[in-house]
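The values are calculated or read from the model by the stated rules, or taken from the named source; none is laboratory data. Nothing here was measured: the structure is a model prediction, and the numbers come from that model. Because the Cβ atoms are built from the backbone with ideal geometry, glycine has one as well, and the counts that use them run over all protein chains shown.
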Amino acid sequence: MSKSNGHNPTTDDTALHEELVAYLDGELDADQSRRIEQRAVAEPNTRRTLEDLDRTWHMLDELQAPATNEDFTQTTLEMVAVAAEDDARKAKADLPRRRTRARMAALAAVAGMGAAGFLLVAYLTPDPNAQLLKDLPILENFEQYRQVDNIKFLRTLTNEKLFTENTDDGQ
């Protein structure tokens, strides 16, 4: 079973190669350049890679630049114009669909907020019929209760368990 120490040669080589290319292109600051130079002095492989890249750069400079004519430039510009026109046409064609989606989203948001507001008010507002439902047994027998002169008398009868139906905890 081998243990990994966090060293990945492929990743390290790629990073080194990128640093060497940046060094040759003059993209590094003074400290980074000095570090690459010191590494090239200390490590023969780094020095060899740097020299190979430098030779490649010089060989690229010696290659002739391909000649382009006016037709190439014109064709390229036409292709860019056609692509831009196509993108603009697609964006314009998609505009009504995006507007409709935005309107539907706004409508859904307003409907959702309205429903949430309704539910919040319904939850927080007391039910005016709750007390009537609670007092329904009394209201059903109101005429009978009116004939009694004293509430104390009714409570006494309730405590005596004379009214077994429609009693509510002795009250």
Given the residues A109, A130, which is the only one that is surrounded by 10 or more Cβ atoms within 10 Å (Cβ to Cβ) and at pLDDT 80 or above? A109
If you scan segment 52-70, which residues turn out to be more than 22 Å from L20 (Cα to Cα) and assigned to a helix (DSSP H, G or I)? E70
Output for Cβ contacts, cut-off 9 Å, separation at least six or different chains, first residue in the same structural domain as R35 (by TED's automatic domain parsing) in segment 50-62, second aromatic (F, W, Y), reads L50/Y23; L53/Y23
Selection from segment 30-49 of residues that are surrounded by 13 or more Cβ atoms within 10 Å (Cβ to Cβ) and either among the hydrophobic types (A, V, I, L, M, F, W, C) or touching a residue at least 24 places away in the same chain (Cβ under 8 Å) (or both): I36, A40, T46, T49
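Looking at D29, D13, D25, which is the one that is at pLDDT below 85, among the acidic types (D, E) and within 45 Å of the chain's Cα centre (by Cα)?
Values: D29 fails: at pLDDT below 85; D25 fails: at pLDDT below 85.
So the residue among D29, D13, D25 that is at pLDDT below 85, among the acidic types (D, E) and within 45 Å of the chain's Cα centre (by Cα) is D13.
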